1. Could you grab me the full set of residues in segment 189-210 that are under 21 Å from residue 301 (Cα atoms) and loosely packed, with under 11 Cβ neighbours inside 10 Å?
2. Please determine whether any residue of segment 479-496 is assigned by TED's automatic domain parsing to the domain that holds residue 400, modelled with pLDDT of 80 or more and surrounded by 14 or more Cβ atoms within 10 Å (Cβ to Cβ).
3. Let me spell it out: the conditions are (1) touching a residue at least 24 places away in the same chain (Cβ under 8 Å); (2) outside any loop (DSSP other than H, G, I, E, B), and residue 42 meets all of them except one. Which number is the exception?
4. Out of 254, 245, 276, 221, report the one residue that is surrounded by 14 or more Cβ atoms within 10 Å (Cβ to Cβ) and touching a residue at least 40 places away in the same chain (Cβ under 8 Å).
5. Just checking, which of 10, 96, 92, 51 is modelled with pLDDT under 85, closer than 23 Å to residue 143 by Cβ and touching a helix residue (DSSP H, G or I) at 6+ places or on another chain (Cβ under 8 Å)?
6. Surrounded by 14 or more Cβ atoms within 10 Å (Cβ to Cβ), in contact with a strand residue (DSSP E or B) (Cβ under 7 Å, 6 or more places away or on another chain) and assigned by TED's automatic domain parsing to the domain that holds residue 514: does that describe residue 427?
7. Could you list, in sequence order, all residues of segment 148-199 that are under 60 Å from the mean Cα position of the chain (by Cα) and within 22 Å of residue 108 (Cα to Cα)?
8. Could you tell me whether segment 122-143 includes any residue that is loosely packed, with under 14 Cβ neighbours inside 10 Å, in a helix (DSSP H, G or I), without any contact (Cβ under 8 Å) to a residue 60 or more places away in the chain and more than 52 Å from the chain's Cα centre (by Cα)?
């Protein structure tokens, strides 16, 4: 917590601490001082003491007004030339008010003149820009001046002692006015600083948004309620091939999209989309509600031709890598088959011939499995997703798996709610689960419940997990699990987990390895389906 300033530092605060608005306020209040002194001096000259101004001493009243005016004009010149030590200059201004108004009160008969109220006005003006401690210091000085003024009349002119009540009440008003005004000014200053900070943050955010929009490959149009473009990025002009978009009407700009726009505006929908051809270019349009009070919408313009070209390039690159890997994987078993067949021609012993024949058969099966996996990978986009009731399907699948893999049924435990439904292609889910369970059964222990199948739901998504109690996957190999042709055994093709992940992706699901248990934990994040 910052320590409060001592009074010398308070009066001589550096100029960078003083807002420019404070100097402007001080200058305006000094103009009020000049006008007040001029008015009083004029009235005293024109009407004399007929208005009770200067009723006790007209000469003192006139001299005080003249001096008040002269010093106020001097202060105005200083304010124009010197913008330093704001609190010191403010204190001199307030001191001038206290002295001048006290003299004017004395010349006009004291408290009965009513001029003491002018002290409250000066204190309120000072409290707007002064620190809290200075405001109360000024109020204390005003109180002293009022009491001394009243003491002059009590001691020198036989005024009643109880006449101190009026200056006492006025002094209390001075403190109250200073305190309340200072508190209100502090609140206003805090809000002003907060507004300035929010303004800077908003300006920075707008610059960032402008930079992001300018760098986007998609076009962005901001539309008002009437469908006129109020903001856009440069890419929108290129995609729509328009020279001027600002102020353009969306129905005239994109006539094909006009029915969608009117329907979207009439129905109050949150989003709308369409694919159009504009001047020979295929584009995709996506309209979203901006959520503003003015009913603005944001129209995203995507170059679908460019997106298709990029997707085709990615497919070709992936196909090239896959082809190279397949060629490499085929070459090894073919070489083994070729070598074994050459030896088979020369070998006469039955045992050796049987061993070579087994090598040929094993590698032939490996090639057949590789071709089968590649064909399944090619058919991954042919999906027929539908609702699957998880518990009975898993029971049926597990019985089939145990029978075909010659595994012990008690090694598998199912923890699935009876009313759980998932959205998946049945054949794809069968292939994925078969691969995961075969891997789990290979590495899990022989005890009961060594492999656990669990299903949990989270906000419209389901987690289907296969967990075993085996040694798990080493950390160094976890990043390669889903790479094609990565395998730790000579018998495998290395396409099992890769194919499983691709099938999950085709069903809008994800397959991932979770490193949260001693054994292996594979998790499928899929969609929850409604009961059929």
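The values are calculated or read from the model by the stated rules, or taken from the named source; none is laboratory data. Fair warning: this is a prediction, and the values are worked out from it, not measured in the lab. Because the Cβ atoms are built from the backbone with ideal geometry, glycine has one as well, and the counts that use them run over all protein chains shown.
1. Listed by number, the residues that qualify are 206, 208.
2. No; the residues of segment 479-496 include none that is assigned by TED's automatic domain parsing to the domain that holds residue 400, modelled with pLDDT of 80 or more and surrounded by 14 or more Cβ atoms within 10 Å (Cβ to Cβ).
3. Here residue 42 meets the rest and fails (1).
4. Only one candidate qualifies: 221.
5. After ruling out the rest, the residue left standing is 10.
6. no
7. Once the filter is applied, which keeps residues that are under 60 Å from the mean Cα position of the chain (by Cα) and within 22 Å of residue 108 (Cα to Cα), segment 148-199 yields 166, 167, 168, 169, 170, 171, 173, 174.
8. Looking through segment 122-143, none of the residues is loosely packed, with under 14 Cβ neighbours inside 10 Å, in a helix (DSSP H, G or I), without any contact (Cβ under 8 Å) to a residue 60 or more places away in the chain and more than 52 Å from the chain's Cα centre (by Cα).
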